[in-house]
Amino acid sequence: MKPLFSYCLAILLAGLVSCAESARKEPVDYVNPNTGTIGHLLVATNSMTQLPHGMVQVGQNPYPPLADRYLADRISGFSIRALPRYATKPLAEIMATTGAPAVEAEEYASGFDHDFETVTPYYTRLLLEDYDIDAAMTVSQHASFYKFRFPQSEQANILINNNRTIRIAGENRIESTETVDSTQTAYYYAEFSKPFSSAITWNDSSKSEKDFQEGERIGACVSFRTSRDEEIMVKIGVSFISMEQAKKNLTAEIPDWDFEKTKNDARKIWNDALGKIEIEGGTQRQKTIFYTALYRVMLGSQSIDLTEQGGRYYSRFDKQVHETGGHNFYKVGSNWGSHHSLFPLCLLIEPEIQNDLMRSYVRMQQEGDWLVNSGGFRNMIGRHETATITDAYMKGYRDFDIETAYEAMKRNSTEATMLSRPSTNDWRGTELDKVYWEKGFFPAKPSDQPEWVKEVGFGRQSVATTLENCYDDWCMSILAKELDKEEDYQYYLKRALNYQNVFDTATGFMRPKTADGRWIEPFDPIWSGGQGGREFYTENNGWNYTWYVPHDVEGLIGLMGGREKFTDKLQTMFETNVPLYQKYDFLKQYPDMTGWIGMYSHGNEITWHIPYLYNYAGQPWMTQRRVRQIMDVWYGDGPLGYCGDEDYGEMASWYVLSAMGFYTVAPGRPVYDIGCPLFEKSTIDLGGGKTFTVKAPDVSAQNKYIQSATLNGRPLDRPWFTHEELQQGGTLFLQMGPRPNRSWGANPEKMPFTDHDAPKN
């Protein structure tokens, strides 16, 4: 009996220890930056060490370069990035070695093992096995900090690679620059904790004792004599203004050689940021997925703070340095996809940052020409900067020049091309855009005809372009009405209904038509559209784009013949499968369509509102079922954690919102659609001492259906609530159960409103 007793006691003690450890965990302790670092088909995530919205990001460079980074056995160094747009090309790289200096990555790359690795949002540590070097790094806003513990060596080396200029600037300093593009230069100022014993530079493969190099493949290697376990530290300040500014950024943020202090400061910043949302209940796995997702949202890859020490920033638009005037300047990432859930989530937890982001939109337009899309690059379809600005304004975030923003948005809608990645840098409308402006749809071409419009660079994407611009036009109508621009309101409201022009009642799908109004034949909602669907759609097919009318679900229900036929078609979508023998061909044609449930593809942004559409058809219980299914199946806590292209926090933001129990079907409309919470309690810190809490004390894997609800103690029999109700603070209480309550929230008179009228409470 004694062995059994001892075993049971050990199990009990282990459980108590585990509970104690769990109780001590802070939000940042749940984050696993390696989540999603293996892609299901396309782009994997990066494991980044940086601050929320931090300009400097540090990551690992696998060797040889590998898309699925987690699978790498070797590493060629640590990348120093300052703009995520260039994620495939680090702006600089640092590496530690021993022995004779090597200049080719294949010669100096080292083995490493994830089992000997610590990765957090604020700190990374790993073992460079080939050299027995312990490498650790942390960050501040504009600088990175490295600590290398060397073995005893006559030649311990630290390499820095660049591809424009590099200079040995003193006995313990290196200065280097990197050309980002034709508009921008990054400046790097590096200080070392120990004077160099020797130093070399190289240009291409030629080593030299020169202290300066300029070229395309250059670098420097500085060497030291080290005793066993001797630590050599490196601090690198980064600037887009000047070398002097890079030095100023470094001195202000990391003034000494206290690595632990910088690390702990970064940890606190992350904890404070992640702590804006507090969750209770759920499993350890669910908490890891949740806070990792929130970390990815807060990486700020869609909104990087480019404000440098002294309140200045460099504008790539007019190539000038500007004063911020007390409001930080943000580089805006792609608005395609991020407008769905990322920016709406950030409005809740980072309102001050979002106000500054709106100001940044205005500044970039004033310093450049067009209101920016994708940070100034014409990247994906739609004018979703319109949605982002409108959503912020309609939710009460108005500390920016809305009139200037509106006029820029209006110009984009009437003069700029809708094409994705046009073949020229000219943003002016083309003959295809004129068809939309005059006839209300973006024209397709027959698949068997060559493209004759020279500006087309990435496919016409005709149906998707029509639908996504309809939604943006609706956002313009919302804003025009709010600004008392009645004529514009009527104009854009009419354009918002253009989706009706590409809906074919005979097939029940959104489908392409030529400029003269003829449907493209043949047509198949699964297969039509060519590679990536880009002839007619965008990274998706007709099944998924048919539902892209988030602003007028009621109208779409009418086109489909009423609520019953609408829900039948939704069900059919989730049940329509590609035969096994065709899966290879399908994935080859649609590499972005991953995360399948039938024909529904969660791995692509344009689908994420679809599970919530059951709410609009009087079947909220089906929304609850589908949302929980997606969260359980297609999100994980390891390298395969994201089923599609996570795109800098976009897929993650869907999870954060949905796990709390709500989502935004149509940003611009200040309404949140209720789904199915994962946690017993989720609390959002709204600032000013106010909080908004979603309570679901009986929620579980089985208890996923809402039986009844109250909002601040008052019965709630509608599957949505307003932003105003949320901002007032209080509690949404959801009584959960194991079987659907088919009557809760099913009254068609209390559906989420479509137009601009006040919601029906």
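The values are calculated or read from the model by the stated rules, or taken from the named source; none is laboratory data. Quick caveat, the model's predicted, so the values are computed rather than measured. Note: ideal-geometry Cβ built from the backbone for every residue, glycine included; neighbour counts use all protein chains shown.
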Practice task
Considering each of Ser682, Ser658 in turn, give the residue that is of a type outside the set (A, V, I, L, M) and either within 19 Å of Thr623 (Cα to Cα) or part of a loop (DSSP other than H, G, I, E, B) (or both).
Solution key: Ser658
Exercise for the section: Answer yes if at least one residue in segment 98-117 is in a strand (DSSP E or B), under 26 Å from Lys263 (Cα atoms), touching a residue at least 24 places away in the same chain (Cβ under 8 Å) and in contact with a helix residue (DSSP H, G or I) (Cβ under 8 Å, 6 or more places away or on another chain), and no otherwise. Expected result: no
Practice task
Please find, among Val56, Val43, Val103, the residue that is at pLDDT below 90 and on the phi < 0 side of the Ramachandran plot.
Solution key: Val43
Exercise for the section: May I ask you to list pairs of residues, at least six apart or on different chains, whose Cβ atoms are under 7 Å apart, with the first in segment 491-504 being closer than 21 Å to Tyr545 by Cα and the second being in a helix (DSSP H, G or I) and of a type in the set (D, E, K, R)? Expected result: Arg495/Asp473; Ala496/Asp473
Practice task
State whether the residues of segment 451-459 include one that is closer than 25 Å to Pro591 by Cα, among the β-branched types (Val, Ile, Thr) and surrounded by 14 or more Cβ atoms within 10 Å (Cβ to Cβ).
Solution key: yes
Completion exercise
Of those in segment 299-320 that are part of a loop (DSSP other than H, G, I, E, B) and of a type in the set (A, V, I, L, M), the residue farthest from Met55 (Cα to Cα) is Leu299
Exercise for the section: Could you list all residues from segment 326-344 that are small (Gly, Ala, Ser) and under 23 Å from Ser140 (Cβ atoms)? Expected result: Gly326, Gly333
Problem - Pairs, first over 17 Å from Ile94 (Cα atoms) in segment 208-222, second charged (D, E, K, R) and surrounded by fewer than 22 Cβ atoms within 10 Å (Cβ to Cβ), C-beta under 6 Å, six or more apart - result: Phe212/Arg167
Practice task
Go through segment 56-81 and count every residue that is buried (at least 22 other Cβ atoms within 10 Å of the Cβ), among the aromatic types (Phe, Trp, Tyr) and either assigned to a loop (DSSP other than H, G, I, E, B) or in contact with a Lys or Arg (Cβ under 7 Å, 6 or more places away or on another chain) (or both).
Solution key: 0
Problem - Answer residue from segment 114-149, given it is closer than 18 Å to Ser227 by Cβ and of a type in the set (Asp, Glu) and is surrounded by the most Cβ atoms within 10 Å (Cβ to Cβ) among those - result: Asp134
Fill in the blank from the handout: Residue hits (segment 392-412; within 16 Å of Glu468 (Cβ to Cβ) and out of contact with any helix residue (DSSP H, G or I) (no Cβ under 6 Å at 6 or more places or on another chain)) are Asn412
Problem - Residue match in segment 259-267 (condition: without any contact (Cβ under 8 Å) to a residue 12 or more places away in the chain, β-branched (Val, Ile, Thr), out of contact with any Gly (no Cβ under 8 Å at 6 or more places or on another chain) and not in a strand (DSSP E or B)) - result: no
Problem - Check on Glu725, without any contact (Cβ under 8 Å) to a residue 60 or more places away in the chain and of a type in the set (Asp, Glu) - result: yes
Exercise for the section: Kindly check whether there is at least one residue in segment 534-550 that is over 19 Å from His609 (Cβ atoms) and not hydrophobic (A, V, I, L, M, F, W, C). Expected result: yes
Exercise for the section: Could you tell me which of the residues Leu657, Leu559 is in contact with a strand residue (DSSP E or B) (Cβ under 7 Å, 6 or more places away or on another chain) and surrounded by fewer than 23 Cβ atoms within 10 Å (Cβ to Cβ)? Expected result: Leu559
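Taking only segment 150-163 into account, find how many residues are crowded, with 18+ Cβ neighbours inside 10 Å and either free of Cβ contacts under 8 Å to residues at least 24 places away in the same chain or outside any loop (DSSP other than H, G, I, E, B) (or both).
So the count comes out to 9.
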Exercise for the section: Return only the number of the condition from (1) at pLDDT 95 or above; (2) more than 20 Å from Arg296 (Cα to Cα); (3) assigned to a helix (DSSP H, G or I) that Leu9 does not satisfy. Expected result: (1)
Handout entry: Residue ranges of helices (runs of 4 or more DSSP H) in segment 389-485 with at least 2 members more than 30 Å from Ser182 (Cβ to Cβ) and charged (D, E, K, R)
Key = 431-439, 462-482
